[in-house]
Amino acid sequence: MSFRRALALAACGLAGGSVLFSAVAVGKQPARGGGDAEPRPGSAAAAAATGVPAAAAAPPGLLLLPPPATASCPPAPGWIERPAGTGGFWDSNWDRREPLALINLKKKNEETGEEELASRLDHCKAKATRHIFLIRHSQYNLDGRADKDRTLTPLGREQAELTGHRLASLGLKFDQIIHSSMTRATETTEIISKYLPGVKKISTDLLREGAPIEPDPPVSHWKPEAVQYYEDGARIEAAFRNFIHRADAKQEEDSYEIFVCHANVIRYIVCRALQFPPEGWLRMSLNNGSITHLVIRPNGRVALRTLGDTGFMPPDKITRT
């Protein structure tokens, strides 16, 4: 009898389509002529047996098996835009601020033609770089029943002091601090802002904690109701669209902005900004008071400088609650 080794390979496309196939490495084939001889891989007989067209069959030594009928990827919520066919390629118009996307070409002056088009494109181009600092709130009282009772712990206040000191030590001219309206984020902001005098603070409900999207793979210890994903997901996506994008064309100088919010929100934003599958947000972990630094270039390219940095804290001050 021949010796076989089976290897199952599965892949799911971002655009909602799915591909699932299995390849079996076949050892030395038995001599032909016997009634039990197996069909030669790639032959018409093999294609008929496996359901795989002969033209798409594997090279000698591999036998493709048909995909299981149940193989599928969970559909993405409607607010996640995944253009078909883009796969793992970068979408340069991810924030809908690509210059060509902002111009109505039908209104182009035919007399000046390309010269006017070039001028209008230049007028729509971003010139500055945005630096986004995403700060997770400090440790808070988990026993609080209502949001107003979930205040920072003494250690949490220490963490916020350390984070504020770290941000001030960077020597950057911060433009603003936008923070979640939840108590723990507001208190963290108040402490941080002591180290950044004169920087305006803005509170928003969009950055409140929530369940952004059903994680993949799922976790057993945290299973919100489906309606929570539906309600929170749209809001957190709205926060991403409102705050995470390339600079406005009118912005002349680079900007440095601080967002004080929550772990779920930050992790989701990082996945969306880098165009990674947003369902992977729960695969990352963020410490309290940590700093995540995103850079958005004028051409729309995004870079992650740091993720959940707490290297400025003593080890005994680091928590993830």
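For the stretch 238-279, the tally of residues that are in a helix (DSSP H, G or I) and among the aromatic types (Phe, Trp, Tyr) stands at 3. Does residue 118 satisfy the criteria of being under 28 Å from the mean Cα position of the chain (by Cα), modelled with pLDDT under 95 and open to solvent by 20 Å² or more (accessible area, probe 1.4 Å)? So residue 118 does not fit the description; no. Among the residues of the stretch 189-216, those that are open to solvent by less than 20 Å² (accessible area, probe 1.4 Å), outside any loop (DSSP other than H, G, I, E, B) and aliphatic (A, V, I, L, M) comprise 191, 192.
Among the residues that make up the stretch 283-291, is at least one of them closer than 26 Å to residue 102 by Cβ and either in a loop (DSSP other than H, G, I, E, B) or open to solvent by 10 Å² or more (accessible area, probe 1.4 Å) (or both)? The answer is no, given that none of the residues of the stretch 283-291 is closer than 26 Å to residue 102 by Cβ and either in a loop (DSSP other than H, G, I, E, B) or open to solvent by 10 Å² or more (accessible area, probe 1.4 Å) (or both). Out of all the residues in the stretch 264-282, which are hydrophobic (A, V, I, L, M, F, W, C) and open to solvent by 10 Å² or more (accessible area, probe 1.4 Å)? Answer for the stretch 264-282, where residues must be hydrophobic (A, V, I, L, M, F, W, C) and open to solvent by 10 Å² or more (accessible area, probe 1.4 Å): 274, 276, 282.
Residue 298 - would you say it is at pLDDT 95 or above, open to solvent by 30 Å² or more (accessible area, probe 1.4 Å), touching a Ser or Thr at 6+ places or on another chain (Cβ under 7 Å) and over 23 Å from residue 193 (Cβ atoms)? Answer is yes for this residue. Kindly check whether there is at least one residue in the stretch 224-237 that is at pLDDT below 95, assigned to a loop (DSSP other than H, G, I, E, B) and over 16 Å from the mean Cα position of the chain (by Cα). Checking the stretch 224-237: at least one residue is at pLDDT below 95, assigned to a loop (DSSP other than H, G, I, E, B) and over 16 Å from the mean Cα position of the chain (by Cα).
Per the conditions (1) more than 22 Å from residue 147 (Cβ to Cβ); (2) out of contact with any Pro (no Cβ under 7 Å at 6 or more places or on another chain); (3) open to solvent by less than 30 Å² (accessible area, probe 1.4 Å), the sole criterion not satisfied by residue 247 is (2).
Of the residues making up the stretch 121-150, those that are part of a loop (DSSP other than H, G, I, E, B) and either more than 29 Å from the chain's Cα centre (by Cα) or closer than 30 Å to residue 246 by Cβ (or both) are 125, 126, 127, 128, 129, 137, 143, 144, 145, 146.
The values are calculated or read from the model by the stated rules, or taken from the named source; none is laboratory data. In this text, all values refer to a predicted model and were calculated from it rather than measured experimentally. No Cβ is skipped: glycine too gets one built from the backbone with ideal geometry, and neighbour counts run over all protein chains shown. The protein model used for the area step is the full one, side chains on, heavy atoms only, and it has no ligands, DNA or RNA in it. Shrake-Rupley method; radii C 1.70, N 1.55, O 1.52, S 1.80 Å.
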